[in-house]
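Enquirer: Supplied in structure tokens, the structure appears directly below.
The values are calculated or read from the model by the stated rules, or taken from the named source; none is laboratory data. Bear in mind that the values here come from a model prediction, so they are computed numbers and not experimental data. Using ideal geometry, Cβ is built from the backbone for each residue, glycine included, and neighbour counts are taken over all protein chains shown.
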């Protein structure tokens, strides 16, 4: 099992170096694969020029499925059949090997240069024959999904993620989040522009720089339409909040530069408001900036530190970190007047809260016995459990489907990104090739 | 008293312009020279004023104390050692001739905990230092505070040896 994983990752890596896609991360599975469901993603066939496709779509899909922690795709050298369409799949062969689902596909280059990508997903255990009135009929009920689309060659990789999303949804009933992106801060103190705000595909590929500075960058946050990032920059010597359009050239908009700290931006679910922390009135308080009117309204009022506001999925409340009780704990406040309610009691430090899209689970950083770990808390019962064993964890960010958490941690003396499934069963690291990476934030659905 | 002998004492303590006045005066009229020069010279015998001596002592004390005070984990309380550092700087800043000098207090945290909370904690540390400086007589208009949170460690390790150096507030006179 372990060996097959390593081999397929090597294959994956070598495929990409051949196609010269800039890769910023490795992906190293560090635990929790045993519970994953066995599937097989067969290499997609190619009809086109001799150079072949720019991306190994099947390898991208395989890697995505593995990265979810829910699936264990078979290593390519172990595959039992080399076919590219539903009709040729020998279901019994795969059933013998315990494979639950098979993915086949083909890519055809059309004269205008675009690629026609087609795929099918087959449920190995669902019967495709039935007897009606004493006669045996063959149906295609075991074909769970099929899909065909024309794409530009440069978009092939992202479309492979979209296919992985479809497979994931068909097999789990939950929307996939592979065709998403992450923003993060890369730090390399050996160069002048030591801090870079980056955006990459969720698997770390196609990284591009959004902004760079010789000074610190903190707390990137996505707008709900995934077009903008809010972030904190020290480019003017102290913390100020900016919003930048990722895909348009031009300067970032400075939205908060008051006396004191300006930090921790968080877009409201409707994208019209930005919660943030300002200490302009003496100590850090949560404010909400109406992005249409430019008006700030103060949400908290306490001499303790209030910061790290995060919106509940319904946009009616915020959770935030406050040390009004002595040590940092998470509180929740309805925006229409209630007093804040304390949510956390386990450990003497709980911070960086966020909620899964269904609102049932809160994710946070917990400190117990001096160790900082990612933790989840059942919103209804208040039961908390830590789900990581890594060191100095910070900045947890949920995938838009709530299934995975990306966070920053220290591994072998370097700050790296890691992922953990929200149920804590699957864990992986994404060490960068150079420098350090931190403050990861997962994009909304794209 | 000869003019030559008197002239020597003038050379030691008086300014160049005073010397010029002496050189240009008539040596035949000794009494007149003594009378005009004497009021300017008599108060000068000590080589350094108490103020100058105090300033020098303070400069040495500031040099020895450095510009950094350190904090315990989670805390913004300045230790007695830190207070001594701040007292030395406060004396300097509160002198009338230094009233135009502005010091920036940069607050920092170690890497543990969340970056946004640490940014707030760093501000609390820089403000704790500002409060102490003011309690020692520094004008609030001479103090600026900036928090850097955990963003600018001086020691890059991931252990207490580095963390204890990074939990700090630094006085910065470069404007």
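Enquirer: If a residue must be within 19 Å of the chain's Cα centre (by Cα) and away from chain B (no Cβ under 12 Å), how many such residues does the stretch A:242-267 contain?
Expert: The qualifying residues number 2.
Enquirer: Farther than 26 Å from residue B:72 by Cα and either buried (at least 21 other Cβ atoms within 10 Å of the Cβ) or within 13 Å of chain B (Cβ to nearest Cβ) (or both): which single residue out of A:348, A:401 fits that description?
Expert: Of A:348, A:401, the one residue that is farther than 26 Å from residue B:72 by Cα and either buried (at least 21 other Cβ atoms within 10 Å of the Cβ) or within 13 Å of chain B (Cβ to nearest Cβ) (or both) is A:401.
Enquirer: Which condition does residue A:294 not pass, out of (1) under 31 Å from the mean Cα position of the chain (by Cα); (2) surrounded by 15 or more Cβ atoms within 10 Å (Cβ to Cβ), if it passes all the others?
Expert: (2)
Enquirer: Suppose the filter is within 14 Å of chain B (Cβ to nearest Cβ) and either on the phi < 0 side of the Ramachandran plot or without any contact (Cβ under 8 Å) to a residue 24 or more places away in the chain (or both); does residue A:273 pass it?
Expert: For residue A:273, the condition - within 14 Å of chain B (Cβ to nearest Cβ) and either on the phi < 0 side of the Ramachandran plot or without any contact (Cβ under 8 Å) to a residue 24 or more places away in the chain (or both) - is not met.
Enquirer: Yes or no: residue A:382 within 14 Å of chain B (Cβ to nearest Cβ) and over 18 Å from residue A:311 (Cα atoms)? Please lay out each step first, then the result.
Expert: Values: within 14 Å of chain B (Cβ to nearest Cβ): no; over 18 Å from residue A:311 (Cα atoms): yes.
No; evaluated as a whole, the condition is false for this residue.
Enquirer: Next question. Tell me whether the stretch A:188-205 contains one or more residues that are within 11 Å of chain B (Cβ to nearest Cβ), modelled with pLDDT under 95 and over 30 Å from residue A:59 (Cα atoms).
Expert: Scanning the stretch A:188-205 turns up at least one residue that is within 11 Å of chain B (Cβ to nearest Cβ), modelled with pLDDT under 95 and over 30 Å from residue A:59 (Cα atoms).
Enquirer: Also, quick follow-up: Being in contact (Cβ under 8 Å) with a residue 60 or more places away in the chain and within 14 Å of residue A:384 (Cβ to Cβ) is the filter here; which residues of the stretch A:322-371 pass it? Reasoning before the result, please.
Expert: Filtering the stretch A:322-371 for residues in contact (Cβ under 8 Å) with a residue 60 or more places away in the chain gives A:356, A:361.
Of everything in the stretch A:322-371, just one residue is in contact (Cβ under 8 Å) with a residue 60 or more places away in the chain and within 14 Å of residue A:384 (Cβ to Cβ), namely A:361.
Enquirer: Of the conditions (1) within 30 Å of residue A:316 (Cα to Cα); (2) not in a loop (DSSP other than H, G, I, E, B), residue A:176 clears all except one; give me its number.
Expert: Among (1) within 30 Å of residue A:316 (Cα to Cα); (2) not in a loop (DSSP other than H, G, I, E, B), the lone unmet condition for residue A:176 is (2).
Enquirer: Against the conditions (1) closer than 23 Å to residue A:74 by Cβ; (2) part of a loop (DSSP other than H, G, I, E, B), where does residue A:113 fall short? Just the number, please.
Expert: Every listed condition holds for residue A:113 apart from (1).
Enquirer: Let me ask something else about it. Within the bounds of the stretch B:123-133, is there any residue that is farther than 22 Å from residue A:305 by Cα and either part of a helix (DSSP H, G or I) or out of contact with any strand residue (DSSP E or B) (no Cβ under 6 Å at 6 or more places or on another chain) (or both)?
Expert: Yes.
Enquirer: Using the structure shown, decide if residue A:359 is more than 24 Å from residue A:65 (Cβ to Cβ), within 14 Å of chain B (Cβ to nearest Cβ) and assigned to a loop (DSSP other than H, G, I, E, B).
Expert: In short, no.
Enquirer: If you take the residues in the stretch A:385-396 that are within 14 Å of chain B (Cβ to nearest Cβ) and in a strand (DSSP E or B), which one is farthest from residue B:117 (Cα to Cα)?
Expert: If we take residues in the stretch A:385-396 being within 14 Å of chain B (Cβ to nearest Cβ) and in a strand (DSSP E or B), then A:391 is farthest from residue B:117 (Cα to Cα).
Enquirer: Further, regarding this structure: Does the stretch A:174-189 include one or more residues that are surrounded by fewer than 21 Cβ atoms within 10 Å (Cβ to Cβ) and closer than 30 Å to residue A:127 by Cα?
Expert: Taking every residue of the stretch A:174-189 in turn, at least one turns out to be surrounded by fewer than 21 Cβ atoms within 10 Å (Cβ to Cβ) and closer than 30 Å to residue A:127 by Cα.
Enquirer: While we're here: Would you confirm whether any residue within the stretch A:320-335 is surrounded by fewer than 21 Cβ atoms within 10 Å (Cβ to Cβ) and within 17 Å of residue A:409 (Cβ to Cβ)?
Expert: The answer is no, given that none of the residues of the stretch A:320-335 is surrounded by fewer than 21 Cβ atoms within 10 Å (Cβ to Cβ) and within 17 Å of residue A:409 (Cβ to Cβ).
Enquirer: Can you name every residue in the stretch A:35-77 that is surrounded by fewer than 17 Cβ atoms within 10 Å (Cβ to Cβ) and farther than 30 Å from residue A:406 by Cβ?
Expert: Within the stretch A:35-77, A:47, A:48, A:49, A:50, A:51, A:52, A:77 qualify.
Enquirer: Do we have any residue at all in the stretch A:106-120 that's at pLDDT below 95, touching a strand residue (DSSP E or B) at 6+ places or on another chain (Cβ under 7 Å) and within 22 Å of residue A:166 (Cα to Cα)?
Expert: No, every residue in the stretch A:106-120 fails to be at pLDDT below 95, touching a strand residue (DSSP E or B) at 6+ places or on another chain (Cβ under 7 Å) and within 22 Å of residue A:166 (Cα to Cα).
Enquirer: Just to verify a result, which residue in the stretch A:73-103, among those that are within 15 Å of residue A:144 (Cβ to Cβ) and in a loop (DSSP other than H, G, I, E, B), is farthest from the chain's Cα centre (by Cα)?
Expert: A:89
Enquirer: Related question: Please work out which one of (1) at pLDDT below 95; (2) farther than 27 Å from residue B:104 by Cβ is the condition residue A:282 fails and give its number.
Expert: The failed condition is (2).
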